[in-house]
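The values are calculated or read from the model by the stated rules, or taken from the named source; none is laboratory data. Since this is a predicted model, take the numbers as computed values, not measurements. All Cβ positions, even for glycine, are placed from backbone atoms using ideal geometry, and neighbour counts span all protein chains on display. These accessible areas exclude ligands, DNA and RNA; they are computed on the full protein's heavy atoms, side chains included. Shrake-Rupley method; radii C 1.70, N 1.55, O 1.52, S 1.80 Å.
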Amino acid sequence: MNMLAFDTCLDKTYITLFNGKEFKNKVILSNDENYHSAYLISTIVEILKEENLTPRDLDCICTDIGPGSFTGIRACTTVARMLAQQLNIKVIGVSSLEILSGVNDGNNLVALDARKNKAYVYDGKILGAIELEEVDKIVEGRVLVTDNNLYERFNGKAKRLVSYQKENYELGEILAKLALEKLENNAETNWGSLKPLYIQPPPVFGK
């Protein structure tokens with residue numbers, strides 16, 4: 001099986017190619033001129049070329065569906081749907097919260113900045129956007145994966161605190177492994193069913 005996994009919802013673009021035996025990973029940073037998701041298509045072409053593959057050699061696409069950057073969510077879900085439809089192959093969506101729960105030894109509590117004094121929380125399942133005062137109670141004595149925005153708030157409250165932005169985790173590889181698990185469990189794989197995960201509504205421009 002050749003599986004392509006990509007994520008533009010978080011702080012970088014993570015792209016992983018799995019050939020049935022090993023994982024090939026690429027990470028793209030934002031620069032002063034372009035947001036990292038602008039390089040998604042060109043990097044997909046690059047990683048396939050390096051492995052002497054074409055899109056027609058792919059058997060499955062998997063992508064992060066959010067929550068995260070609204071621009072990033074739209075970018076990766078749109079590209080995943082387009083590729084899966086045009087190639088007539090399977091597609092799997094995985095939440096960024098589930099991906100981050102898999103860093104280090106896995107099964108972590110996750111809390112990401114949702115703004116408006118809230119955090120997106122994952123504890124074996126998505127709990128939603130929760131007021132930070134309530135999250136303070138949940139994190140006590142737990143291993144918590146968070147972002148730089150909330151790191152200081154939870155510092156000293158969690159048993160162990162990790163900011164995924166401070167470390168170099170292979171999030172694309174974690175995404176691919178989770179997608180493989182979902183395939184084994186007969187998850188939905190039709191491109192028409194792949195939708196962005198907006199726990200809170202996207203911002204309305206001009207308001």
Exercise. Would you call residue 177 closer than 25 Å to residue 29 by Cα and open to solvent by 30 Å² or more (accessible area, probe 1.4 Å)?
Worked result: yes
Exercise. Are any of the residues in the stretch 152-160 in a strand (DSSP E or B) and within 19 Å of residue 97 (Cα to Cα)?
Worked result: yes
Exercise. Among (1) within 22 Å of residue 62 (Cβ to Cβ); (2) of a type in the set (A, V, I, L, M); (3) in a helix (DSSP H, G or I), where does residue 145 come up short?
Worked result: (3)
For this session: Return yes or no: is residue 140 modelled with pLDDT of 95 or more, open to solvent by 70 Å² or more (accessible area, probe 1.4 Å) and over 19 Å from the mean Cα position of the chain (by Cα)?
Result: no
Problem set entry | Selected residue (criterion: nearest to residue 40 (Cα to Cα)) from residues of the stretch 103-132 that are outside any strand (DSSP E or B), open to solvent by less than 30 Å² (accessible area, probe 1.4 Å) and touching a residue at least 12 places away in the same chain (Cβ under 8 Å) | 103
For this session: Please tell me if residue 108 is among the polar types (S, T, N, Q) and modelled with pLDDT of 90 or more.
Result: yes
